[in-house]
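See structure below.
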Amino acid sequence: MGNQRIFIVEDDKKIAHLLAETLRKYQYDVAIVEDFDAITEECLAFDPHLILLDINLPSYDGYYWCRQLRQHTMCPIIFISARSGDMDQVFALENGGDDFITKPFHYEIVLAKIRSHLRRAYGEYAPMQGERMVKLGALTLYIERMELHLREEAIPLQKKECVILELLMEASPKVVSRETLLEELWDDQSFVDENTLNVNMTRVRKKLSDYGVQSVIETVRGSGYRFMLSSEES
């Protein structure tokens, strides 16, 4: 692999260029967004290994853009923002972010977090290379693509939907505990409201139903959730 690519989405030009200069000193390839109405297009064209994303942006905020980007990439997304409230970090994680750095920041902290996420995603801590998939009956989950296939039908997924289905399909027909799901979905569970998992599970069920997938995600009271195939999909 050549130099790893980092895409910066920051509307403060001074901060963006200082970040870029620092990262280039450490041999990263860096691009700074130019058109804040075309963040997704510019990001996909650059094909980054990691994204640094501010919250306060022109037109739409970073939460919106994170959701858009998560429809196309599973690369680490680190929010960098002057907002420091607990709920800001909650929203960042719930909208697809992997980490949160508060401004003003030390560049050593930013670099350490970038290295950590790159190691986990692509380096010594990364899973074996090659496309990962989970097959269950007529259903195939393509994890890197964030797609669930039912025969010829391809169902696009968002990051947390993909994580939930991966856990449930791999364990089926066994029950996956709420604690296991929470640990995989959010790095810091202390920020996660008890109802948040229920909301995400409802979204997955609706997504499956909207595409005609009759598989049932059962709630096992007091334990967790179980993925059961219908006869048509088994």
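The values are calculated or read from the model by the stated rules, or taken from the named source; none is laboratory data. Here the structure is a predicted model, which is why all the values come from computation and not from measurement. Methodologically, a virtual Cβ is constructed for each residue, glycine included, from the backbone with ideal geometry; neighbour enumeration extends over all protein chains shown. We work out accessible area using only protein heavy atoms, side chains counted, and drop any ligands, DNA or RNA first. Shrake-Rupley method; radii C 1.70, N 1.55, O 1.52, S 1.80 Å.
Structure notes:
- Count of residues meeting criterion [farther than 21 Å from ALA92 by Cα, over 21 Å from the mean Cα position of the chain (by Cα) and aliphatic (A, V, I, L, M)] in segment 1-34: 4
- Contacts under 6 angstrom Cβ, first residue in segment 200-214 being within 23 Å of LEU185 (Cα to Cα) and open to solvent by less than 40 Å² (accessible area, probe 1.4 Å), partner of a type outside the set (A, V, I, L, M, F, W, C) and in a helix (DSSP H, G or I), 6 or more apart: ASN200/LYS160; VAL204/GLU161
- Within segment 102-118, tally of residues that are among the small types (Gly, Ala, Ser) and open to solvent by 40 Å² or more (accessible area, probe 1.4 Å): 1
- Residue selected from segment 35-60 under the condition open to solvent by 60 Å² or more (accessible area, probe 1.4 Å) and more than 16 Å from the chain's Cα centre (by Cα), by the criterion farthest from ARG120 (Cα to Cα): SER59
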